[in-house]
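What follows is a single structure, written as structure tokens, with notes after it.
The values are calculated or read from the model by the stated rules, or taken from the named source; none is laboratory data. Given the structure is predicted, the values throughout are model-derived calculations rather than measurements. Here the Cβ is made from the backbone with ideal geometry for all residues, glycine too, and neighbour counts use every protein chain on show. Heads up: the accessible areas ignore ligands, DNA and RNA and are worked out on the full protein's heavy atoms, side chains in. Shrake-Rupley method; radii C 1.70, N 1.55, O 1.52, S 1.80 Å.
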Amino acid sequence: MNVKSDTKERFTVITPQEASLSVIMTEELRNLLLPYLQKDIPHIVLNLSAVSRIDPEAAPAIAAIQQEFYASSHSFVICCLQPDVEKVFGAADLLDTMNITPSESEAWDIVQMEEIEREFLRDE
């Protein structure tokens, strides 16, 4: 799978460069993303702006990846869903349970807010 990665100060933006995302490709994506859990900058923003089609089975697979990040106390925010991709996530009832934002800058805000929240909870 062809992806673009851009490491920022507190997170990495991963942008698949494929127009279509199959369930098989989500396994490749999982193998690409899970090593970030061991890095100094473990938080991920998954920018799906280039993806115009997604297999119905791929949406729950991406949700499972997101849950692995949150189970490890790391952020994983998805942004820039195209309308047909958003419909697939909606049909799987995932839009309300996942961190999905309309823009990359809003995804950055969520990562930063979650980091502050984790620090606050750690201090209690």
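Structural remarks
- Which listed residue, of 46, 37, 121, is free of Cβ contacts under 8 Å to residues at least 60 places away in the same chain and open to solvent by less than 30 Å² (accessible area, probe 1.4 Å): 46
- In the set 9, 106, 86, 57, only one residue is at pLDDT below 95 and either more than 30 Å from residue 122 (Cα to Cα) or open to solvent by 60 Å² or more (accessible area, probe 1.4 Å) (or both); that residue is 9.
- Conditions (1) open to solvent by less than 30 Å² (accessible area, probe 1.4 Å); (2) within 17 Å of residue 16 (Cα to Cα); (3) within 11 Å of the chain's Cα centre (by Cα): number failed by residue 100: (1)
- Total residues in segment 60-83 satisfying the condition of being within 13 Å of the chain's Cα centre (by Cα), closer than 30 Å to residue 122 by Cβ and open to solvent by 30 Å² or more (accessible area, probe 1.4 Å): the figure is 5.
- Given (1) over 29 Å from residue 116 (Cβ atoms); (2) open to solvent by less than 60 Å² (accessible area, probe 1.4 Å), number of the condition residue 15 does not satisfy: (1)
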